[in-house]
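Working notes, beginning with the structure itself.
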Amino acid sequence: MNKLYIVGIGPGSYEDMTIRADQALRECEVIVGYTVYVNLIRERYPDKEYATTPMTREAERCRMALKAARAGRRAAIVCSGDSGIYGMAALVYELRGDREDPALEIIPGVTAACSGAALLGSPLTQDFAVISLSDRLTGWDKIERKLEAAAQAGLAIVLYNPVSKSRPEHLRRACRILLRTLAPDVICGVAQNVGREGEQVRVMRLEQLCEDKQADMFSTVFIGTRQTKILAGKMVTPRGYADV
């Protein structure tokens, strides 16, 4: 049966890609994806045929990948991080519908919550929530309610898509919402360009994050809990084992 791989390539570096992802891409003839993500892997797989689309053309590239697989070609569509976490996996399933051709194989990848947290220290050792600040598909009113609920529940929070050219104030807006519940000195962190050129992390307090000007669309933001602390410059949320 024809098969389409839906591959999470991790944050960007080959070292952070899973063995399964690498094997799937080596086996493929055609690799489809968002231009930025394809460019992260193109040099490692130079013999492949590539098909790309720009941002906001997600359905088009999923259809391209399905078409290639149905034509009997070994095809993959790549996603940054994990293909099922803000990735293309669900959309491919929707576009395929109830058909079984092609077969779909989901290849998990290291999502930004994991890779960014590893650079910052250990901010997610307790329960946490992941929330995207992009309001392209989700209304801001829903995003606001999710932020408020996560803060009131005492969860650490990971913010995806915190800032873009069309959404320059969303991170500031989110911080102001969180400050209704959280103390201004709650420890926060920003992981930027994880696994790529320009990789950096910054640790700060929530009131400082509210005024941050450096975060961009390639940043992942971490909001700690009242238990989160700074140890040797790292952001750490204790699980509680040391107190047992």
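Applying the set (1) without any contact (Cβ under 8 Å) to a residue 60 or more places away in the chain; (2) among the acidic types (D, E); (3) under 30 Å from A232 (Cβ atoms) to D82 leaves exactly one unmet item: (1).
When E94, E60, E49, E105 are checked against the criterion of being at pLDDT 95 or above, touching a helix residue (DSSP H, G or I) at 6+ places or on another chain (Cβ under 8 Å) and open to solvent by 30 Å² or more (accessible area, probe 1.4 Å), a single residue qualifies: E105. For segment 139-192, name all the residues that are of a type in the set (A, V, I, L, M, F, W, C) and out of contact with any helix residue (DSSP H, G or I) (no Cβ under 7 Å at 6 or more places or on another chain). Passing the criteria: W140, I143, A149, A150, A153, L155, A156, L171, A183, I187, V190.
Scanning segment 154-165 for residues that are within 13 Å of the chain's Cα centre (by Cα) and open to solvent by less than 20 Å² (accessible area, probe 1.4 Å), we see that the one that is nearest to C210 (Cα to Cα) is P162. Against the conditions (1) open to solvent by 60 Å² or more (accessible area, probe 1.4 Å); (2) among the acidic types (D, E); (3) closer than 26 Å to L119 by Cα, D22 satisfies every one except (1).
Residue pairs whose Cβ atoms lie under 8 Å apart, sitting 6 or more positions apart in sequence or on different chains, and linking a residue in segment 142-165 that is part of a helix (DSSP H, G or I) to a partner that is of a type in the set (D, E, K, R) and open to solvent by 50 Å² or more (accessible area, probe 1.4 Å), are I143/D135; E148/R180; A151/R180. If you filter segment 37-46 down to residues that are open to solvent by 30 Å² or more (accessible area, probe 1.4 Å) and touching a residue at least 12 places away in the same chain (Cβ under 8 Å), you find that the one that is farthest from V7 (Cα to Cα) is R44. On the stretch given as segment 166-210, residues that are in a loop (DSSP other than H, G, I, E, B) and open to solvent by 40 Å² or more (accessible area, probe 1.4 Å) total 13.
Return only the number of the condition from (1) modelled with pLDDT under 95; (2) closer than 28 Å to V38 by Cβ; (3) of a type outside the set (D, E, K, R) that F222 does not satisfy. Of the numbered conditions (1) modelled with pLDDT under 95; (2) closer than 28 Å to V38 by Cβ; (3) of a type outside the set (D, E, K, R), the odd one out for F222 is (1).
The values are calculated or read from the model by the stated rules, or taken from the named source; none is laboratory data. No experiment lies behind these values; they were computed from the predicted model shown. Cβ sites come from the backbone with ideal geometry, for glycine too, and all protein chains shown count toward neighbours. We work out accessible area using only protein heavy atoms, side chains counted, and drop any ligands, DNA or RNA first. Shrake-Rupley method; radii C 1.70, N 1.55, O 1.52, S 1.80 Å.
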